[in-house]
Amino acid sequence: MGRDEILSKIAKSARAYVILGFILGIGGLVVSILMIIMGTKAANLVFLFIMLGLCVLGVVILIFNIPVMLDPMKSGFIKKNPDILAQADELYQNLIYRDKTLMFSSRIIANATDIRQMAYTDEVFLIYVYIHKTNGVTDQKTLKLETARGTIALMIMFKKDDEINSLIGQIVQQCRYARVGYNDDGMKYLAQMRQLWKQDQERKHMRLN
């Protein structure tokens, strides 16, 4: 089932952060204690504070991720989108397309490499290519799908222009409210649609209560 894959990904991600937290926390604490025992000169105070900061950061990472590792239902992904588990089940039960980048059913669209990035097709409002460069060299290229609840980022670093255009065409066919292009009109449309979606959700919540 789709929900099992999402919960598994959430638990694995939290586990990785827990390991990182232990490394930062214990490493920072041990180095700090050694520096204090050996006597820290004024010139090394900055390094000591850095180590203590890493220790604190490690503890914070552990505090936020141990509960999620033990119970993936406490994840921010699920709190942000309470429908995500039902969406995942529906996606896998009615899957009509899947490649290395994208997967969708008639009502759900998702990042094929990370289905935690998922949305109803009717909640995708804006599509555009995002390119990041360092020293003039492109080091990140993603196709961003701005949705009612957030962003789906599809990696297209090594895709040719015709492949990207074909991918966009597939998405537009499935997402009837989606516009293409990062510009002023597109951003205004996105803000307007998100506001309308929010108002619709509030009305639904009021009817249920």
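Name the one entry in Ala148, Ala112 that is of a type in the set (A, V, I, L, M), under 30 Å from Asp4 (Cα atoms) and buried (at least 17 other Cβ atoms within 10 Å of the Cβ). Spell out how you get there, then give the answer.
On the way: Ala112 fails: buried (at least 17 other Cβ atoms within 10 Å of the Cβ).
None of the others qualify; the one that does is Ala148.
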Of all residues making up segment 197-209, the number that are in a helix (DSSP H, G or I) and over 23 Å from the mean Cα position of the chain (by Cα): 9
Of everything in segment 130-145, what is touching a residue at least 12 places away in the same chain (Cβ under 8 Å) and either among the charged types (D, E, K, R) or surrounded by 16 or more Cβ atoms within 10 Å (Cβ to Cβ) (or both)? Give them in sequence order. Lys141, Thr142, Leu143, Lys144, Leu145
Can you give me the number of residues within segment 142-169 that are under 20 Å from Asn81 (Cβ atoms) and not in a strand (DSSP E or B)? 3
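In segment 171-189, what count of residues is obtained for those that are farther than 13 Å from Asp122 by Cα and either open to solvent by less than 90 Å² (accessible area, probe 1.4 Å) or assigned to a loop (DSSP other than H, G, I, E, B) (or both)?
Residues of segment 171-189 that are farther than 13 Å from Asp122 by Cα, as a first pass: 180-189.
Still in the running and either open to solvent by less than 90 Å² (accessible area, probe 1.4 Å) or assigned to a loop (DSSP other than H, G, I, E, B) (or both): 180-183, 186-187, 189.
Count: 7.
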Filtering segment 50-72 down to residues that are under 16 Å from the mean Cα position of the chain (by Cα) and over 8 Å from Gly21 (Cβ atoms) yields Val68, Pro72
Is it true that some residue in segment 91-105 is closer than 22 Å to Met155 by Cβ and assigned to a helix (DSSP H, G or I)? yes
How many of the residues making up segment 19-75 are of a type in the set (D, E, K, R) and within 29 Å of Glu5 (Cβ to Cβ)? 2
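Scan segment 71-94 for residues that are open to solvent by 30 Å² or more (accessible area, probe 1.4 Å) and of a type in the set (D, E, K, R) and jot them down. Working first, answer last.
Residues of segment 71-94 that are open to solvent by 30 Å² or more (accessible area, probe 1.4 Å), as a first pass: 71, 73-74, 76-77, 79-80, 82-83, 86, 90, 92-94.
Passing the criteria: Asp71, Lys74, Lys79, Lys80, Asp83, Glu90.
The values are calculated or read from the model by the stated rules, or taken from the named source; none is laboratory data. As the structure is a prediction and not an experimental result, all values here were calculated from the model. In this analysis, Cβ positions are derived from the backbone assuming ideal geometry, glycine residues included, and neighbour counts consider all displayed protein chains. For accessibility, only protein heavy atoms count, side chains too; no ligands or nucleic acids. Shrake-Rupley method; radii C 1.70, N 1.55, O 1.52, S 1.80 Å.
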